[in-house]
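The values are calculated or read from the model by the stated rules, or taken from the named source; none is laboratory data. Keep in mind it's a predicted model, so treat the numbers as computed, not measured. Positions of Cβ are generated from backbone atoms using ideal geometry, with glycine treated the same way; all protein chains shown enter the neighbour counts. Ligands, DNA and RNA are stripped out before the accessible areas are found, and what is left, the full protein with its side chains, is counted by its heavy atoms. Shrake-Rupley method; radii C 1.70, N 1.55, O 1.52, S 1.80 Å.
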Amino acid sequence: MRKFEICSGYEGKAILPKRYTKDSCGYDISFVLENTVIIEPFEVKLFETGIKAKFQSDEALLIYPRSSTGIKKNLLLANGTCVIDPSYYNNENNEGNIILAFRNVSNNKVILEKGEQRLVQGIFTKYFTVTDEEMPIKKRSGGIGSTN
């Protein structure tokens with residue numbers, strides 16, 4: 001079963017993702033912004049969503065910028081596309097909080113106001129492995145870059 005949950009400590013701050021139109025494939029995801037945030041030209045900043053996603057072991061949650069984010073805000077996800085693995089939901093160090101990095105790709109500062117939302121969208125997708133005999137040896141130990 002696929003579902004989004006608010007992470008512990010983010011109650012009343014985080015917003016559960018949702019699809020805004022009947023045929024949307026993506027769930028609009030908001031950030032937890034308690035104050036105005038300024039992203040300087042070419043700077044990268046991390047943003048917490050305060051949400052986690054639970055889904056089946058043969059699925060991933062892919063997170064992309066919404067189409068207007070790059071055009072109107074000059075913001076891109078720092079790593080292009082975020083891939084959230086099923087093991088990210090409840091790992092021992094992160095509690096599953098989805099954290100995203102945005103890069104300001106303009107020569108001007110970008111200002112995000114408290115309450116400004118819906119800069120990214122998440123899409124659930126199936127993935128396939130090469131063989132059933134694969135035996136990964138690493139265990140997730142946290143968030144960004146934790147399986148390297």
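The distance between label points at SER68 and LEU16 comes to 2.4 nm (points 7 Å beyond Cα on the Cα→Cβ vector).
Phi-derived couplings, Karplus 6.51 cos²θ - 1.76 cosθ + 1.60 at θ = phi - 60°, listed residue by residue for segment 75-88: 10, 10, 5, 4, 9, x, 10, 8, 10, 9, 7, x, 6, 6 Hz, with x used for Gly and Pro. Along segment 97-114 the Karplus relation, 6.51 cos²θ - 1.76 cosθ + 1.60 evaluated at θ = phi - 60°, assigns HN-Hα couplings of 4, 7, 10, 10, 10, 10, 10, 7, 9, 10, 8, 10, 6, 10, 10, 10, 8, 3 Hz to successive residues, with x for each Gly and Pro.
Accessible area per residue for segment 9-55 is 57 Å², calculated with a 1.4 Å probe on protein heavy atoms, without ligands, DNA or RNA. Scoring 57-66, 31-40 by mean Cβ neighbours within 10 Å over their residues and listing the highest first yields 57-66, 31-40. Each Lys and Arg adds +1 at its Cβ and each Asp and Glu adds -1 at its Cβ; summed about the Cα centre, segment 1-74 shows a dipole of about 280 debye.
Between the beta carbons of ASN108 and LEU33, assuming R0 = 22 Å, the FRET efficiency works out to 0.70 to the nearest 0.05.
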